[in-house]
Amino acid sequence: MAEARVTAPLAASLGDALHFIFHGQQSVGGSVRVGGSQLWPLLGTHLRVSGEAIALACAISLPAALWLGHVRRGRLTAGVIANVGRAVPSFAVLVFFSAYLGLGITNLVFAMTLLAIPPVFVNAYVGVRQADPDAVDAARGMGMSGLDIVRRVELPMALPLLFGGIRTSTVNVLATATLGPYVGVVTLGDPIINANVYGDAGRLGGALIVAALAVLAELGLAALQRAVTPKGLRLERRSRARRFRPSWLNPRGGTITP
């Protein structure tokens with residue numbers, strides 16, 4: 001009985017949220033219709049802001065991270081960027097730069113770019129710096145230039161970590177772009193923030209859409225990472241996973257030998 005009392009309101013709220021997403025409803029004041037097809041412009045703006053921020057973050061971070069990782073310098077820089085990225089709240093960045101960039105999409109994209117840079121930069125830097133030194137020395141012995149070593153040896157080895165940073169930044173940006181209404185940009189955060197217009201169903205519906213976008217981005221980038229990772233690296237990682245697999249995971253019992 002107690003479980004039924006808890007699950008029934010949750011199921012009703014979820015149903016209202018799904019109805020808001022797919023069919024729409026009247027606003028709380030009853031003056032306009034919200035949800036349904038009216039969500040498409042919000043979705044478009046949300047994806048535009050997120051895409052531009054991730055693209056700018058990659059364009060700024062990757063060249064610097066690949067070069068610093070290749071020359072084995074910049075460990076302190078990477079640490080500072082990682083710590084600053086974790087310490088500075090995104091909302092504080094939005095409010096601070098509103099005084100210089102004003103309200104609008106430029107401010108939001110700039111703030112989201114700053115949020116996206118640390119994971120991309122740090123993961124790319126660590127991935128290149130940790131590339132197999134024997135492979136790098138062999139490439140250098142074959143007469144490859146520094147650019148060729150980065151492009152053909154270090155970058156392929158760094159791809160798993162590099163994509164991990166991009167995936168983290170993408171999910172963070174998709175979630176944080178909901179702050180857009182605070183700077184005059186109507187994103188999917190509008191139903192979440194303005195519950196006095198969209199109601200509780202709109203708030204939950206907006207949150208569900210953002211969560212779905214984050215999951216789809218994670219799965220899509222994971223598939224892209226697998227597609228661009230060299231087959232040899234995938235086989236090596238799979239071999240390591242089997243080698244260090246706990247014995248209790250072996251369906252035949254006993255230990256797994258290399």
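The values are calculated or read from the model by the stated rules, or taken from the named source; none is laboratory data. Computed from a predicted structure; not experimentally measured. Here the Cβ is made from the backbone with ideal geometry for all residues, glycine too, and neighbour counts use every protein chain on show. Side chains are part of the model used for accessible areas, which takes the heavy atoms of the whole protein and leaves out ligands, DNA and RNA. Shrake-Rupley method; radii C 1.70, N 1.55, O 1.52, S 1.80 Å.
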Self-check item: Subset of segment 131-160 [touching a residue at least 24 places away in the same chain (Cβ under 8 Å), surrounded by fewer than 18 Cβ atoms within 10 Å (Cβ to Cβ) and outside any helix (DSSP H, G or I)]
Solution: Asp132
Quiz item: In segment 109-126, what count of residues is obtained for those that are at pLDDT below 90 and open to solvent by less than 10 Å² (accessible area, probe 1.4 Å)?
Solution: 1
Quiz item: Yes or no: Ala65 surrounded by 19 or more Cβ atoms within 10 Å (Cβ to Cβ), modelled with pLDDT of 80 or more and in a helix (DSSP H, G or I)?
Solution: yes
Quiz item: Could you say which residue among Val80, Val84, Val49 is among the hydrophobic types (A, V, I, L, M, F, W, C) and either without any contact (Cβ under 8 Å) to a residue 24 or more places away in the chain or not in a helix (DSSP H, G or I) (or both)?
Solution: Val80
Quiz item: Has segment 181-188 got any residue that is open to solvent by 50 Å² or more (accessible area, probe 1.4 Å), of a type in the set (Val, Ile, Thr), modelled with pLDDT of 90 or more and over 17 Å from Leu66 (Cβ atoms)?
Solution: yes
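Is it true that Leu208 is surrounded by 24 or more Cβ atoms within 10 Å (Cβ to Cβ), in a helix (DSSP H, G or I), modelled with pLDDT of 90 or more and under 20 Å from the mean Cα position of the chain (by Cα)? Talk me through it step by step, then tell me what you get.
Numbers: surrounded by 24 or more Cβ atoms within 10 Å (Cβ to Cβ): no; in a helix (DSSP H, G or I): yes; modelled with pLDDT of 90 or more: yes; under 20 Å from the mean Cα position of the chain (by Cα): yes.
Judged against the criteria, Leu208 is not a match.
Please work out if Pro63 is under 25 Å from Val210 (Cβ atoms) and without any contact (Cβ under 8 Å) to a residue 60 or more places away in the chain.
In short, no.
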Quiz prompt | Single unsatisfied condition, Gly202 versus (1) open to solvent by 30 Å² or more (accessible area, probe 1.4 Å); (2) of a type outside the set (Phe, Trp, Tyr); (3) touching a strand residue (DSSP E or B) at 6+ places or on another chain (Cβ under 9 Å) | solution = (1)
Exercise. Determine whether Leu39 is modelled with pLDDT of 90 or more, open to solvent by less than 50 Å² (accessible area, probe 1.4 Å) and under 29 Å from Phe20 (Cβ atoms).
Key: yes
Quiz item: Only one residue in Ala17, Ala55 is in a helix (DSSP H, G or I), over 24 Å from Arg203 (Cβ atoms) and out of contact with any Lys or Arg (no Cβ under 6 Å at 6 or more places or on another chain). Which one?
Solution: Ala55
